[in-house]
Amino acid sequence: MEKSALQRARATYEPKLPLALRGPVKVREGKATESADNHEEIKKMFPNTYGMPLIEFIPGGTDNNQRFNVGIILSGGQAPGGHNVITGLYDTIKNINSENRLYGFLLGPAGLVEHNYIELTEEVIEPYRNTGGFDMIGSGRTKLEREEQYEKAYEIIRKLDINAIVIVGGDDSNTNACVLAEYYASKNYPVQVIGCPKTIDGDLKNNHIETSFGFDSATKTYCELIGNVERDANSARKYWHFIKVMGRSASHIALECALQCRPNMCIISEEIETKDLTLIKIVDQMCEVIAERAADGNNFGTIIIPEGLVEFFPSIGRLIDELNDLLLEHGDEYRDLDKKSQRHYIISHLSESNSATFKALPYEVARQLALDRDPHGNVQVSLIETEKLLAEMCADRLKSWEKEGRFKGKFSAIYHFFGYEGRCAVPSNFDANYCYALGASAAQLVAHGKTGYMAIIKNTIDAPENWRAGGVPISMMLNLERRNGEIKPVIRKALVDLKDRPFKTFAAQRRKWAKETAYAYPGPIQYWGPSEVCDRPTMTLQLERGQ
């Protein structure tokens, strides 16, 4: 693999570890834990991994030269820093005992079940230090949820004499890790399962997980692109840019981009749901901003839209819930129909209110809502061109306002979707350090015999040497939710909190940003230079942690 100048330079970067992980460590146990909700039900489901204590690693202990092997899986969508989780894990287990081995299962959880793996040696991992993507071993979205999968996986675990599996993923993947840990514990199989918090969406966090890795690098990448678009808008002064950004179930990415770039408008899905706003109401709000700026001679602007917006309109959310159940039960007969017949089938099988909502949607949006689901059973909202839908609805509304004398100006829209551009970016210094520390923390959880835990790093707005490493029981994050027509234990997603500082800071400024051209241009990720530029965490993290 031929390296660019940047890759060669980044390969020399040495991630910074918390002081507690730089030598022998010992475990400080905290209080026993309980699940996020549904305590008794979750306890019955996870009798072997429920109620375990929080763990913090502190300097001390003795070198035990412990011998063990570890397997690692990258699960779900890519996120900047995944390779550093692997290198942090590898370096730490080798420091404990040079004979320890690390195996990478290829293309996600399927690699574990299908026995598709490689041994990760120094020669294999060296080119990937501080690089983006998941291409060292690939990723996949296979779900580990059936006993035959667990048993098939255990065959290769025994063959390779693996003591622990580390699963790197988001809320669904770590839920699967918790289920797998419980299954092996219930069978008295000598294998540990450790999770690691990954998702650029930022919705895997709580009091103990301050941020999921990849969010920092991805949002900084999007902010550079949005800043460039804003610069163009302010230069040409004739286009409205409708910018959709990733974030299926939460608007953390959109909010972070708004805080950094100061667009004229940013939609927050959680606010839509809380205030029970309709699609028409949002279009009216957009048109009011467009008309006000036109009155000042500014026929241009930028609007940020979260990817999962359509699901947060209450009427559409209810429609999606019923569609999920309908297609789960009758999906086979539905898929055999032509497009026209599919539409008629859905309308005739929905409840009266949801049928009316479905018929009222633009044809293409309604069709996309009825597409096949992703492997987790979700509507593929990234395929719904929400940015184009909103822009076209604004154009129609402004035409009617023009006839009524409410709008005097010009409106021309350009559409953008920034998604994959951020998922595989070269990790920022923050993510390079954070992920390396997560890998090291996962290794220490293995070394200390823990299972059903997620590796965590806390105090992340401080310098890396002051970060605190440890583990949190995955069962602590579980609650029961309805998925694909069934009640299942899942990790509760962290949505944007309208009472928290990031949203309140945004809300206090958005009226000013709507009227004025107050754009900020963050520029590219900086790897070298003043610490306040190249090592800064996201504004979301700073605000949440009191800065």
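Coordinate-derived values only; no laboratory data. Since this is a predicted model, take the numbers as computed values, not measurements. Positions of Cβ are generated from backbone atoms using ideal geometry, with glycine treated the same way; all protein chains shown enter the neighbour counts.
As an equivalent ellipsoid, the range 3-112 spans semi-axes of 30, 22, 16 angstrom, where each value is the square root of five times an eigenvalue of the C-alpha gyration tensor, largest first.
Other residues lying with their Cβ under 12 Å from the Cβ of GLU99 contribute a combined charge of +2, Lys and Arg counting +1, Asp and Glu -1. Relative to the dominant Cα principal axis of the chain, helix 429-447 is inclined by about 40°.
The lysines whose alpha-carbon is closer than 21 Å to the alpha-carbon of LYS339, local same-chain residues fewer than 8 away aside, are LYS359.
Bridgeable aspartates and glutamates around LYS220 (alpha carbons under 18 Å apart, same-chain partners fewer than 8 residues away excluded): ASP201, ASP203, GLU210, GLU230, GLU256, GLU307, GLU421, ASP431, GLU532, ASP535, GLU544.
Ranking LEU495, TRP528, ILE58 by how far each Cα lies toward the positive end of the dipole of the chain (charges on Cβ) leaves TRP528 at the top. Positive contributions from Lys and Arg (+1) and negative ones from Asp and Glu (-1), summed over other residues with Cβ under 13 Å from the Cβ of PHE215, come out at -3.
Each part gets one Cα centre, and for the range 138-209 versus the range 306-333 those centres are 28 Å apart. What you get for the range 395-547, charging only the Cβ of Lys and Arg (+1) and of Asp and Glu (-1), is a dipole of about 860 debye around the Cα centre. I'd like the orientation of helix 252-261 relative to the chain: the angle between its Cα long axis and the longest Cα principal axis, in ° from 0 to 90, rounded to 10. Roughly 70 degrees between the two axes. Using bins of 10 Å that start at zero, the share of Cα-Cα pairs per bin across the range 181-246 amounts to 17, 26, 23, 16, 9, 6, 2, in whole %.
If you place +1 on the Cβ of every Lys and Arg, -1 on the Cβ of every Asp and Glu, and leave all else neutral, what size is the dipole of the chain about its Cα centre, to the nearest 20 Debye?
1160 debye
Of ALA295, MET477, TYR420, which is farthest on the positive side of the dipole of the chain, counting Cα position, with +1 on Lys and Arg Cβ, -1 on Asp and Glu Cβ, and the Cα centre as origin? Selected residue: ALA295.
Viscosity 1.306 mPa s, temperature 10 °C: Stokes-Einstein D of the chain from its Kirkwood Cα radius, in µm² per second? Answer from the Stokes-Einstein relation: 65 µm²/s.
Within a straight-line Cα-Cα reach of under 15 Å, LYS450 can be paired with the following aspartates and glutamates, leaving aside sequence neighbours fewer than 8 residues apart in one chain: GLU29, GLU56, GLU182.
Listed values for the range 174-191 are Karplus-derived 3J(HN,Hα) couplings in whole Hz (6.51 cos²θ - 1.76 cosθ + 1.60, θ = phi - 60°), namely 6, 4, 4, 4, 5, 5, 5, 4, 5, 4, 5, 5, 5, 8, 6, 6, x, 9, and x replaces Gly and Pro. Relative to the longest principal axis of the Cα atoms of the chain, the long axis of helix 82-96 lies at roughly 10 degrees. All C-alpha to C-alpha distances of the range 1-64, sorted into 5 Å bins beginning at zero, yield P(r) values of 4, 13, 13, 10, 9, 11, 11, 11, 8, 8, 2, 0 percent in whole numbers. Here's the picture: charge each Lys and Arg Cβ at +1 and each Asp and Glu Cβ at -1 in the chain, and of ALA437, SER75, CYS261 the one pushed furthest to the positive end of that dipole is CYS261. Our analysis of the range 379-523 gives Rg over Rh at 1.09, with the two radii drawn from alpha carbon positions and Rh computed by the Kirkwood formula. In this structure, the residue pairs whose Cα-Cα separation is over 23 Å, taken from LYS198/LYS388; LYS410/LYS515; LYS16/LYS458; LYS43/LYS458; LYS281/LYS340, are LYS198/LYS388; LYS43/LYS458; LYS281/LYS340. Here the range 439-547 was treated as a single set of alpha-carbon atoms; its pair distances binned every 5 Å from 0 give 2, 9, 11, 13, 16, 16, 13, 9, 7, 3, 1, 0 percent.
In this structure, the amide hydrogen of THR302, modeled 1.01 Å from its nitrogen in the peptide plane, lies closer than 5 angstrom to those of HIS241, ASN264, MET265, counting only residues at least 5 positions away or on a different chain. Rounded to the nearest whole Hz, the Karplus-based 3J(HN,Hα) values (6.51 cos²θ - 1.76 cosθ + 1.60, θ = phi - 60°) of the range 402-416 follow the sequence 5, 5, 8, x, 8, 9, 10, x, 10, 9, 9, 10, 10, 10, 9, with x at glycine and proline. Separation of the range 523-538 from the range 1-41 is 20 Å, based on Cα centroids. Of the GluC sites (Glu not before Pro) in the range 69-164, the ones in a loop by DSSP (not H, G, I, E or B) with at most 13 other beta carbons within 10 Å are GLU99.
Considering the range 39-197 at the alpha-carbon level, its Rg and Dmax are found to be 15.6, 48 Å.
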